[in-house]
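Trainee: Got a structure for you, written out below as structure tokens; questions coming shortly.
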Amino acid sequence: MLYRSRRLEALFGGPLGSVSYAELAALVHNPEAAEAEDLDYKREVRADDDKKKEEFAKDLAAFANHIGGVLIVGMTEARGVPSKVMDTDVSDQLRRHLQQVAAASTAPPVRFDMRAVPNPDPEAGGRGLLLIAVPRSPHGPHAVTAPPTTPTQKALRYPRRAASKTDWLSETDVATAYQRRFAAGADRSTRLDAVERELLSALPPNGYPHLIVTLTPEISGEMMMNSDSFDRYRAELQSVSLLIQEEDAFTTIRVGSRRLIATDGHRDGWSHHCHCELHRDGSGTFAQRVPLRVMDIDYERFTWLPPDLLVWLLMSALNILALHARDRTGASGTALIRAVLVQSPARPDDRGIRASPFPLIVDYGVDEVPLSTQSCTYADGEAVAPLDDLATEGPALVQATSRLADEIVQAFGIAEAPPITPAGELRQAGWGIPLRRAMTEWARAHDINVVSA
């Protein structure tokens, strides 16, 4: 789900995406489960007239304009403490209706998740509890645009969660929220630039191309750093596979300035050298030397890079950086991500290395089929994606990778990266023989649709 909360997951007994009906029912009469700035209860949500549409839109926008939260539908409360389970409609029809109401009644539309948790009792008739999870939004302030139900109300109303209630933002509050939205976007871009620049300066000047992936979370975290935590981080990172479906891992982990620095132990000149910097606030950057392939045509030597290799490296790096941000630092919300394919400058006295531009082609293991219409020494892509999506191996990770990969390959004259689709699917024909079988197995194991072409 889009929204992650350690507090609520500890309270519920598990992640929002897997918490059971029994675990939610156990919240009844628990004073620690009282309504709060991130938790609310409703007996039912119908949204079938103007007043109910306004109320539903208000609940969503209030969470989105604050720190995010969860609405549990199908449970009553007494003085804020859940008092009784009152199973509600959890049908697909109701959820589709609520999605439509939210889209039409909030501006910009609030993004949220819904999960039906049916009562397992066969006599419950398919009714149960409905979880509505709303993450803190980087696009706020969100307004309620449902028709006003009183003559004194404005056409646009901006709610915000305050403790267990809802406040309405004043015009000054709204103006300040807009200013903070733009400032936060600028600050995040500045932070990403700084993190990326620090790693670029550490690249070995050998003329080899590197794929550099950088991530900055919307809501930063805080990584504890002491002797005990470092030992734990080192053990974690040494057990992490650098690449999806591969066993290679980080071997050298050390402490840097407000960061962890992890490498694979290979020297700079080795074909698979990688360097990863994981910052205390959840930002991170990952540089992987791209192992180019070489072929001679009419006595001229060409270097080239298959797009499936590019996609594989990119998707693996995004996942590692997001896992650090979410699980090691507690960062949340969306993440600004950037991928850069660049050649580091060659040493003036290093005559054995050619810093020549490289094209992209497809390698089917037997024939090389050129795709590029031009070559270049720099290409990049940038996107924003929910941090939790990037930390989870699944279709959403593939979608985000597709966005970045498409922008990179377009610099070489290719419309889109052949191995994956913008819909989060894996194109089997876009993978060369060395990776095709392993990536197909990975996709099917993680509910990623596999298409032949």
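The values are calculated or read from the model by the stated rules, or taken from the named source; none is laboratory data. The structure presented is a predicted model; accordingly, all values stated were derived computationally and were not measured. Backbone-built Cβ (ideal geometry, glycine too); neighbour counts: all protein chains shown.
Trainee: Tell me which residues, restricted to region 187-233, are at pLDDT below 80 and among the hydroxyl-bearing types (Ser, Thr, Tyr).
Mentor: Passing the criteria: 201, 208.
Trainee: Can you name every residue in region 42-57 that is in contact with a helix residue (DSSP H, G or I) (Cβ under 9 Å, 6 or more places away or on another chain) and either assigned to a helix (DSSP H, G or I) or buried (at least 23 other Cβ atoms within 10 Å of the Cβ) (or both)?
Mentor: Within region 42-57, 52, 53, 54, 56, 57 meet the criteria.
Trainee: Here is a further query. Only one of 124, 103, 146 is surrounded by fewer than 18 Cβ atoms within 10 Å (Cβ to Cβ) and closer than 18 Å to residue 59 by Cα. Can you tell me which?
Mentor: Details: 124 fails: closer than 18 Å to residue 59 by Cα; 146 fails: surrounded by fewer than 18 Cβ atoms within 10 Å (Cβ to Cβ).
On inspection, the qualifying residue turns out to be 103.
Trainee: What is the number of the single condition among (1) in contact with a helix residue (DSSP H, G or I) (Cβ under 9 Å, 6 or more places away or on another chain); (2) closer than 30 Å to residue 148 by Cα; (3) among the charged types (D, E, K, R) that residue 35 does not meet?
Mentor: In the conditions (1) in contact with a helix residue (DSSP H, G or I) (Cβ under 9 Å, 6 or more places away or on another chain); (2) closer than 30 Å to residue 148 by Cα; (3) among the charged types (D, E, K, R), residue 35 misses (1) alone.
Trainee: If you don't mind, another one. Name every residue in region 76-86 that is at negative phi and surrounded by fewer than 23 Cβ atoms within 10 Å (Cβ to Cβ), in order of residue number.
Mentor: Going residue by residue through region 76-86, those that are at negative phi are 76-78, 81-86.
Those that are at negative phi and surrounded by fewer than 23 Cβ atoms within 10 Å (Cβ to Cβ): 76, 77, 78, 81, 83, 84, 85, 86.
Trainee: Residue 309 - would you say it is within 29 Å of residue 218 (Cβ to Cβ), modelled with pLDDT of 90 or more and not β-branched (Val, Ile, Thr)?
Mentor: Numbers: within 29 Å of residue 218 (Cβ to Cβ): no; modelled with pLDDT of 90 or more: yes; not β-branched (Val, Ile, Thr): yes.
In short, no.
Yes/no per residue for (1) of a type outside the set (Gly, Ala, Ser); (2) assigned to a strand (DSSP E or B); (3) modelled with pLDDT of 95 or more:
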site: 362; (1), (2), (3): yes, yes, no
site: 385; (1), (2), (3): no, yes, no
site: 389; (1), (2), (3): yes, no, no
site: 413; (1), (2), (3): no, no, no
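Trainee: Since residue 134 meets every condition but one in (1) surrounded by 20 or more Cβ atoms within 10 Å (Cβ to Cβ); (2) within 28 Å of the chain's Cα centre (by Cα); (3) at pLDDT below 85, which condition does it not meet?
Mentor: Every listed condition holds for residue 134 apart from (3).
Trainee: For region 58-94, what are the residues that are assigned to a helix (DSSP H, G or I) and not small (Gly, Ala, Ser)? Explain how you work it out, then say what you get.
Mentor: Quick first cut of region 58-94, residues assigned to a helix (DSSP H, G or I) only: 58-64, 92-94.
Result: 58, 59, 60, 63, 92, 93, 94.
Trainee: In this structure, is residue 4 touching a helix residue (DSSP H, G or I) at 6+ places or on another chain (Cβ under 7 Å), closer than 24 Å to residue 334 by Cβ, assigned to a loop (DSSP other than H, G, I, E, B) and not aliphatic (A, V, I, L, M)?
Mentor: Numbers: touching a helix residue (DSSP H, G or I) at 6+ places or on another chain (Cβ under 7 Å): yes; closer than 24 Å to residue 334 by Cβ: yes; assigned to a loop (DSSP other than H, G, I, E, B): yes; not aliphatic (A, V, I, L, M): yes.
Criteria met by residue 4.
Trainee: Now for a different question. Tally time: how many residues in region 7-33 are within 18 Å of residue 331 (Cα to Cα) and buried (at least 18 other Cβ atoms within 10 Å of the Cβ)? Spell out how you get there, then give the answer.
Mentor: The initial filter retains those residues of region 7-33 that are within 18 Å of residue 331 (Cα to Cα), namely 7-10, 15-16.
Filter again for buried (at least 18 other Cβ atoms within 10 Å of the Cβ), leaving 8, 16.
Selection size over region 7-33: 2.
Trainee: From the list 175, 184, which one is modelled with pLDDT under 85, part of a helix (DSSP H, G or I), within 23 Å of residue 3 (Cα to Cα) and small (Gly, Ala, Ser)? Lay out the reasoning, then the answer.
Mentor: Details: 175 fails: within 23 Å of residue 3 (Cα to Cα).
Answer to the selection: 184.
Trainee: Something else: Of the conditions (1) touching a residue at least 40 places away in the same chain (Cβ under 8 Å); (2) under 17 Å from residue 133 (Cα atoms), residue 14 satisfies every one except a single condition; which number is it?
Mentor: Residue 14 satisfies every listed condition except (1).
Trainee: Continuing with this model, one more query. What single numbered condition from (1) assigned to a helix (DSSP H, G or I); (2) touching a Phe, Trp or Tyr at 6+ places or on another chain (Cβ under 9 Å) fails to hold for residue 97?
Mentor: The single condition residue 97 does not satisfy is (2).
Trainee: Could you go through region 312-332 and let me know if any residue there is over 26 Å from residue 393 (Cα atoms), in contact with a strand residue (DSSP E or B) (Cβ under 7 Å, 6 or more places away or on another chain) and at pLDDT below 90. Before the answer, list the steps.
Mentor: First pass over region 312-332, keeping only residues over 26 Å from residue 393 (Cα atoms): none.
The answer is no; no qualifying residue exists.
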